[in-house]
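Here the structure is laid out as structure tokens; the discussion comes afterwards.
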């Protein structure tokens with residue numbers, strides 16, 4: 001498998017329920033029209049044993065950013081409702 005090198009386009013640093021969360025939007029160097037995001041922490045809903053890990057690619061930066069911000073909002077809502085934090089990507 002060939003390694004993929006990414007450009008980090010934007011980074012976010014936030015705190016959700018005293019948990020520091022880093023997030024970034026990236027694009028592969030050789031595919032400028034593909035965007036993904038990573039977060040340093042994932043969340044688990046109260047009734048789920050597995051963490052919700054976002055795994056999607058997007059064709060525009062704006063769409064990736066919108067989905068990242070929505071994920072962070074869902075993260076906070078899950079913790080508000082009794083969910084927990086899980087280890088995410090190593091950033």
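The values are calculated or read from the model by the stated rules, or taken from the named source; none is laboratory data. Since this is a predicted model, take the numbers as computed values, not measurements. All Cβ positions, glycine included, derive from the backbone under ideal geometry; neighbour counts span all protein chains shown.
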Checklist line | Residues of the range 24-61 classified as free of Cβ contacts under 8 Å to residues at least 60 places away in the same chain and assigned to a strand (DSSP E or B), total | finding: 15
Note to self: Could you check the range 14-54 and list, in sequence order, the residues that are loosely packed, with under 11 Cβ neighbours inside 10 Å, closer than 30 Å to residue 84 by Cβ and modelled with pLDDT of 90 or more?
What the structure shows: 15, 18, 20
Next item on the list: Test residue 79 against the criterion of being more than 23 Å from residue 8 (Cα to Cα) and either out of contact with any helix residue (DSSP H, G or I) (no Cβ under 9 Å at 6 or more places or on another chain) or outside any helix (DSSP H, G or I) (or both), and give yes or no.
Entry: yes
